[in-house]
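The values are calculated or read from the model by the stated rules, or taken from the named source; none is laboratory data. What you are looking at is a predicted structure, and each value in this text was computed from that prediction instead of being measured. With ideal geometry, Cβ positions are generated from the backbone for all residues, glycine too; neighbour counts draw on all protein chains shown. Areas reflect the complete protein model, heavy atoms only, side chains present, ligands, DNA and RNA absent. Shrake-Rupley method; radii C 1.70, N 1.55, O 1.52, S 1.80 Å.
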Amino acid sequence: MNVLKTLAIAAAGLVLSFGAAQAEGQKTAKDISYSFEWPFGHFDREQLQRGYKVYKEVCSNCHAMHQMSFRNLSQPGGPEFSDEQVKALAAGYQVQDGPNETGDMFERPGLPSDRFPSPFPNEQASRAANGGAYPPDLSLITKSRPGWYGTINQLINGIGGPQYVYSVLTGYTPDDQLTEELKKEQPEGKYHNPYFANGHWIGMPPPLSDGAVTFDDGTPSTVDQMARDVSAFLAWTAEPKMEQRKRTGFMVMIFLGILASLLYLVKKKVWADVH
Amino acid sequence: MSGHASNYQPKSAFAKWFHERLPIMDMVQGQVLDFPTPKNLNYFWTFGGILAVMLLIQIVTGVVLAMHYTPHVDMAFDSVEHIMRDVNSGWMLRYMHANGASMFFIAVYIHMFRGMYYGSYKAPREVLWMIGVLIYLIMMATAFMGYVLPWGQMSFWGAKVITNLFSAIPFFGDSITTLLWGGYSVDNPTLNRFFSLHYLLPFVLAGLVILHIWALHVVGNNNPTGVSVKSAQDTIPFSPYYTVKDAFAIVVFLMFYAAWVFFSPNYLGHAINYQEANPLVTPAHIVPEWYYLPFYAILRAIPDKLGGVIAMFGSILILFALPWLDTSKVRSGNYRPIFKQFFWLFVINCIILGFAGSGAPDNYFLSHEAANPDKWALTYKLVGQICTAYYFLHFLVILPLLGLLETPKPLPASISDAVLARSNPSTAHVPAE
Ligand code: HEM
């Protein structure tokens, strides 16, 4: 009986460390670490501000982010730009509004309450501009794409969504390093990227090159640095309440822990006379 | 409810006035406070209370979510994100509700295995057990329809695969799927009816839970010895003994639950469900939530669609017959040395079935490598088939035979005897029969 029980537990433990659903030939994301991992981790404000800059100046040319509004940029737990900065950022865009009293649509400068403007009016337009490939909305990308698999692995390390984005951005094989076989296979307008979830040919040209943006805090803008910053920023856009969640979590655990201890003592006392 | 006469004495004039018009306090006194309960229940008996609390949490969080949710294919996904981002504590409500469903299933599985080990389904508790199986079935339907509501990729494709199963039913199959869909594909009418039913079924569950507890209070609790209550010495009043014990267990369970909600809220779900449903793009792997995986494995084990559907539903419906399939008169597995081993084998088999349901059928078991179709290989499908066969073997062959062949250990004369023997092993001896 005990042997069997031990076996059951051993089997469960062993078995749990496998389990997978990875696409054929996809490379596991590079396991870089972020400040916001683990229960005590939180976002690095400067990193999110840099990440926003990369998104704004590079990614937003092709990718929409329709869950996000400018006002989110000044909310606690995010990049925490000042309200003035957010007003100025929003005002840098022209957005369509209306209809006015005469029934016409009109353009006005953006407000903090506006959503991030999308680069294309619809999916067809974005495909037409990107050689048929569709640049997905990035708001939730770090929550919808695992970087690695495995029942235990994901439990301990998370799903690796930010690492997935980082790996796609830094994982291109330069065209001149492709093997002859791959060159023959290469579809028109596609680039080799073994980290991409949907086969290793991606329709996104390598978006980052050294010095593509100039960071306000003087951080050197290497491809690696920009990829880290923008993937951290995308982790925040996917889960903007993460810091609040963890903070609340600690209070809840402490409260329940004390309550459980008290109840245990009461239980012991009440049960002392039974038997 | 019957079983126990209450000693309720209204204390104030108002209580007396009220009691003469609605004797509800009488029932509370008799059925909740004084209810005689075996004194040897272990912590596995706290899961009933835990389940009641989980149902309540699902209803409360669900009703508030429904205030902010929009059941329309163009808006459902964004309305859930609106809850996560803009509604005050909306992220907490949603994570409580989504993880609450998983916790509900963890608790119900422990509760059911408890019943199987201690023979709680045997006479006179057959009806109590069958109401439980019905609750489990309706829970599964509720959670399935809830999972469709956020209208992510897995919501949509999961709904499509599962509703499609009904088309295998001869003659009525197509009409049933059309009825479920409200049309000829999974679309807005489907989402609307699933929302409506997802709101309704938890209240049906609440009604069934009342019947379940009623049935419990007619026949009384089983206990770890499986020996029936013989005298007042064997029992203690439910309150304060089990109210504090249950409360303690509930709070510990809530800590386990909170750890998921606050520190790993998406682990038990599917990443791809954070991508909005797209009827034109099929995800690489369509897998149900973890709590359905064993049944999914059974479904896929049978090569024929109708056969798979019958096996899958059969694997749950067979639980209704369990009280008559187990031929042993001894309830508790503690006194059935051979049954006990088969019980744990059955548990392991269910866990392996879960893994068998999680991967692509033709991959090597526990790997993401496709198996060579020309050679014998241990694939997800094969493991699923072996475990499916064993699942039915357990109920249809092992349990009926064991009851006839096995010699049980001597039972304690009463619950009190068993308790005394445990707390004082040197002086007390286990009396024969
Ligand atoms: C037996 C109790 C219940 C179970 C097991 C259950 C299960 C679920 C599940 C698994 C989801 C999907 C969660 C996700 O991934 O987002 C869900 C969503 C939802 N449920 Fe329930 N539910 C229950 C009761 C209720 C009740 C009583 C209501 C409303 C009155 C409700 C309203 C909702 C709403 C509005 C959603 C969509 C929002 C969301 O996806 O988070 N639920 N439910």
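Mind listing the Cα extents of segment A:127-224 along all three principal axes, in Å, largest one first?
Principal extents (Cα only, largest first): 40, 40, 29 Å.
GNM, chain B, Cα, under 10 Å: largest mean-square fluctuation among B:L22, B:L345, B:L208?
Highest fluctuation of the listed residues: B:L22.
Once the other residues with Cβ under 9 Å from the Cβ of B:P408 are scored (Lys, Arg +1; Asp, Glu -1), what is the net sum?
On the way: positive: B:K329, B:R336, B:K409; negative: B:E406.
Overall, the nearby charge balance is +2.
If you line up the long axis of helix B:90-117 against the longest principal axis of chain B, both from Cα atoms, how many degrees apart are they, to the nearest 10?
50
I need the phi-derived Karplus couplings for segment A:202-210: 6.51 cos²θ - 1.76 cosθ + 1.60, θ = phi - 60°, integer Hz, Gly and Pro marked x.
Values, residue by residue: 10, x, 9, x, x, x, 10, 9, 3 Hz.
Just to confirm the number: angle between the C-alpha axis of helix B:238-263 and the first principal axis of chain B, 0 to 90 degrees, nearest 10?
Relative to chain B, helix B:238-263 is tipped by roughly 20 degrees.
Report Rg/Rh for chain B, rounded to two decimals, where Rg is the Cα radius of gyration and Rh the Kirkwood radius. Let's see the in-between values first.
Working: Rg = 24.2 Å, Rh = 24.2 Å.
A ratio of 1.00.
For segment B:367-423, what ratio Rg/Rh do Cα atoms give with a Kirkwood hydrodynamic radius? Don't skip to the end; give the middle numbers.
On the way: Rg = 21.7 Å, Rh = 15.8 Å.
A ratio of 1.37.
Under the definition of partner shielding as Cβ atoms of other protein chains within 10 Å of a residue Cβ, what is the mean value for peptide A:38-45?
1
Find the all-direction average of the projected area of the Cα convex hull for segment B:1-111, expressing the result in square nanometres with one decimal place. Don't skip to the answer; put the middle values down first.
Values: hull surface 45.4 nm².
For the Cα atoms of segment B:1-111, the hull's average projected area reads 11.3 nm².
Quickly rank B:318-325, A:267-274 as a protection proxy: mean count of other C-beta atoms within 10 Å, highest first. Present the calculation step by step, with values, prior to reporting the outcome.
Values: B:318-325: 17.0, A:267-274: 12.8.
Descending mean neighbour count gives B:318-325, A:267-274.
Under a Cβ-Cβ cut-off of 13 Å, what is the net charge of the residues other than B:M75 that fall near it, where Lys and Arg count +1 and Asp and Glu count -1?
Numbers: positive: none; negative: B:D74, B:D78, B:E81, B:E276.
Result for the local shell: -4.
Scattering from the C-alpha atoms of segment A:235-275 alone, worked out with Debye: what is log10 I(q)/I(0) at q = 0.23, 0.26 1/Å?
-0.75, -0.82
Can you list the residues, at least 5 places off or on another chain, whose amide H is less than 5 Å from the amide H of B:I236, using H built in the peptide plane?
B:T37, B:K39
More than 46 Å apart: what percent of Cα pairs in the protein assembly as shown qualify? Walk me through the numbers on the way to the answer.
Working: 75507 of 250278 pairs.
Pairs farther apart than 46 Å: 30 percent.
So if I average 1/r over every pair of distinct C-alpha atoms in segment A:91-150 and take the inverse, what Kirkwood radius in Å does that give? The partial results should precede the final answer.
Values: mean 1/r = 0.0684 Å⁻¹.
With all distinct Cα pairs of segment A:91-150 included, I get 14.6 Å.
Using only the alpha-carbon atoms, how far is helix B:380-393 inclined from the longest principal axis of chain B? Give it as 0 to 90 degrees, nearest 10.
Taking Cα atoms only, the helix is inclined about 30 degrees.
How many Å² of accessible area per residue for the protein assembly as shown, probe 1.4 Å?
Per-residue accessible area for the protein assembly as shown comes out at 48 Å².
How much accessible area is lost when chains A and B come together, counting both sides, with a 1.4 Å probe, in Å² rounded to the nearest 100?
Working: alone 16710 and 21810 Å², together 33800 Å².
Approximately 4700 Å², summed over both chains.
Karplus couplings for segment A:110-122 from phi (6.51 cos²θ - 1.76 cosθ + 1.60, θ = phi - 60°), rounded to Hz, Gly and Pro as x?
For segment A:110-122, the Karplus curve yields x, 10, x, 6, 6, 6, 4, x, 8, x, 10, x, 7 Hz.
List the residues, sorted by chain then number, that are 5 or more residues from A:V95 or on another chain and whose placed amide H is less than 5 Å from its amide H.
Those qualifying (amide H under 5 Å, at least 5 residues apart or on another chain) are A:R108, A:G110.
Taking trypsin sites (Lys or Arg not before Pro) as candidate sites, keep only those in a DSSP loop with at most 10 other Cβ atoms within 10 Å, then name the longest stretch of chain B containing none of them. Write down the numbers at each step before the final one.
On the way: sites that count: B:K11, B:K375.
The longest such stretch corresponds to B:12-374.
Please say if segment B:235-323 is rounded, prolate or oblate, where rounded means a/c under 1.5 for a ≥ b ≥ c the square roots of the C-alpha gyration tensor eigenvalues, and otherwise the choice is prolate for a/b larger than b/c and oblate otherwise? Please report the intermediate quantities before stating the final value.
Details: a/c = 4.66, a/b = 1.40, b/c = 3.32.
Since a/c reaches 1.5 but b/c is at least a/b, the shape of segment B:235-323 is classed as oblate.
Springs between alpha-carbon pairs under 10 angstrom, Gaussian network model over chain B: which of B:S102, B:S12, B:S328 fluctuates most?
Greatest mean-square fluctuation among the candidates belongs to B:S12.
Rounded to whole Å and sorted largest first, list the principal axis extents of the Cα atoms in chain A.
83, 59, 42
Leaving ligands, DNA and RNA out of it, report the carbon-plus-sulfur percent of the accessible area of the protein assembly as shown at a 1.4 Å probe. Walk me through the numbers before you get to the answer.
Numbers: 21870 of 33800 Å².
Solvent-exposed carbon and sulfur of the protein assembly as shown make up 65 percent of the total.
Which helices pass in chain A if a helix is a full DSSP H run, must span at least 30 angstrom along its long axis by Cα, and must have mean Kyte-Doolittle hydropathy not below 0.0?
Values: long enough: A:242-271 (42 Å, 0.59).
Long hydrophobic helices here: A:242-271.
Give me the compactness ratio for segment B:157-269, meaning the Cα radius of gyration over 2.2 N^0.38 Å.
Numbers: Rg = 22.3 Å, N = 113, 2.2 N^0.38 = 13.3 Å.
Compared with the compact-globule rule of thumb, segment B:157-269 sits at 1.68.
Do any residues of segment A:229-275 lose at least 40 Å² of accessible area when the full set of protein chains is present rather than just their chain alone, and if so which, with a 1.4 Å probe?
So the qualifying set is A:K241, A:R245, A:M253, A:L256, A:A260, A:L263, A:K267, A:V270, A:W271, A:V274, A:H275.
Looking only at B:L405, B:L280, B:L353, which one moves most when chain B is put into a Gaussian network model with springs between Cα atoms under 10 Å?
B:L280
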